[in-house]
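The values are calculated or read from the model by the stated rules, or taken from the named source; none is laboratory data. Worth saying up front: this structure is predicted, and the values here are computed from it rather than measured. Every residue, glycine as well, gets a Cβ built from its backbone with ideal geometry; the counts of neighbours run over all protein chains shown. These area figures cover heavy atoms from the full protein model, side chains too; ligands, DNA and RNA do not enter into them. Shrake-Rupley method; radii C 1.70, N 1.55, O 1.52, S 1.80 Å.
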Amino acid sequence: MEVTQQAFSQSVFHLDHPTHAAEARRFAVQRAEEIRMTETESGGIAIAVTEIAGNVIKHAESGKIVFEHIHQNGRNGMRVLALDKGPGITDVAAALQDGFSTAGTNGNGLGAVRRLASYFDLYSVPGRGTCILAEFWSGKTQPDGELLGGGAISVPLRGEPVCGDGWAIRRNGSGAWFMVVDGLGHGPSAADAAREAERVFSKSGSESPAIILNDVHDALKKTRGAAAAIAYVNPEKRTLCFAGLGNVSATLATSQSSRGIASHNGTLGHQMHRMQEFSLPWDQDSVLVMHSDGLSSRWDLSESRGIWSRHPSLIASVLYRDFAKERDDVTVLVARNC
């Protein structure tokens, strides 16, 4: 079993001042060097981040950029997510032409970002904003894809040094386990509970979400406690198994409909009266959305046409951008067939 992604691999930058683009670029280069990207690869990331962050600041005035260390099949990479609530892009095809720039940036344009990236995706709705996803892998080419894709965004309450939420994805063969955890409150003590839950999840040998949550419950007795939910998806068997405790929400959606998946009341580490697993069918167009209570439970993507076919990280970013409450830590995890 391999933990391919966890919350502590993400870093979030707020972009609302012209100097923030340079700060984001310096941070990206530092992270690229830490994960042993080559000088050429780091230089490409620097150009891309400068362009992306500059566009957010010039066009939207403010937004966020998220850096995530990713690894797959023994290779390292960096995922860059940028999101804003600006005017959006009216002509995406023109904006992606190499050298196109209307923002007074260095003129490389989003076309250059797409050319430099191993994987690139952009979702923009005029009047609602833009989300950009760019992945940079060592060796340039993207590793062979997984049967089941997953992605997340986890943002601390502004002013807090750490996020009290957490998430993790663990793959084994054709299936994958997904967890979202919300430490009680926010700040360092909540983060300690979330990191402990991630640790137990990553080391568990069980295939049962309920058993894993019981193990997390025992481990969190030394912490302030948390809410959490775990799902196991097997696309080949077309099944989803789910268990949750507390205020982490889950929805199984398709392009046509959605249904909530219930979690039981309680607090891991302190109060757990019962734990029950639910089994649901997993179809080719199924999408799993899990999130902490920092995201409104009334989220609705019916006006975001075509979003369900995008990269899971891009879907999670749009949900965060449009429905975060902004007064708590927020974590959104999305899984779908590739």
Checklist line | Residue-normalised accessible area of region 240-338, expressed per residue, 1.4 Å probe, Å² | finding: 44 Å²
Check: Of the residues MET272, MET78, MET290, which exhibits the maximal mean-square fluctuation in a Gaussian network model of the chain defined by a 10 Å Cα contact cut-off?
Finding: MET272
Check: So which aspartates and glutamates pass the test for LYS85, namely a Cα distance under 18 Å, with those fewer than 8 places away in the same chain ruled out?
Finding: ASP16, GLU51, GLU61, ASP121, ASP300, GLU303, ASP322, GLU326
Check: Which option, (i) 59, 40, 38; (ii) 95, 54, 36; (iii) 56, 44, 42, is the value of Cα extents along the principal axes in Å that was calculated from these coordinates?
Finding: (i)
Margin query: If you take every residue apart from SER249 with its C-beta less than 15 Å away from the C-beta of SER249, what net charge results, scoring Lys and Arg +1 and Asp and Glu -1?
Written below: -3
Check: Quick one: ranking CYS131, CYS338 by accessible area, 1.4 Å probe, largest first, what do you get?
Finding: CYS338, CYS131
Note to self: Cut-off 10 angstrom, C-alpha nodes, Gaussian network model of the chain. Which of ASP215, ASP16, ASP91 fluctuates the most?
What the structure shows: ASP91
Next item on the list: For ARG238 and LYS85, compute 0.36 nm times the residue count separating them, minus their Cα-Cα distance, and round to one decimal in nm.
Entry: 51.4 nm
Check: If r is the Cβ-Cβ distance from VAL12 to ARG75 and R0 is 35 Å, what FRET efficiency results, to the nearest 0.05?
Finding: 0.90
Checklist line | Degrees between helix 39-55 axis and first principal axis of the chain (Cα, 0 to 90, nearest 10) | finding: 90 degrees
Next item on the list: With runs of 4+ DSSP H residues as the only contributors, calculate the mean residue ellipticity of the chain at 222 nm using -39,500 (n - 2.57) per run, divided by the residue total and rounded to the nearest 500.
Entry: -7500 deg cm²/dmol
Margin query: Just to confirm the number: angle between the C-alpha axis of helix 188-203 and the first principal axis of the chain, 0 to 90 degrees, nearest 10?
Written below: 80 degrees
Note to self: Give the lysines whose C-alpha is closer than 28 Å to that of LYS140, dropping any in the same chain fewer than 8 places away, or say none.
What the structure shows: LYS64
Next item on the list: With everything on Cα atoms, drop me the angle between helix 312-323 and the longest principal axis of the chain, reported from 0 to 90° to the nearest 10.
Entry: 90 degrees
Item checked: Among ALA95, ALA262, ALA243, residue whose mean-square fluctuation peaks in a GNM of the chain (springs only between Cα atoms under 10 Å) -> ALA95
Margin query: In whole percent, and with a 1.4 Å probe on the protein chains, what portion of the accessible area of the chain is carbon and sulfur?
Written below: 46 percent
Next item on the list: Could you check the simple spin-label distance between SER206 and HIS270, using points 7 Å along Cα→Cβ, in nm with one decimal?
Entry: 2.2 nm
Item checked: Accessible-area order (highest first, 1.4 angstrom probe) of the listed residues TYR232, TYR320 -> TYR232, TYR320
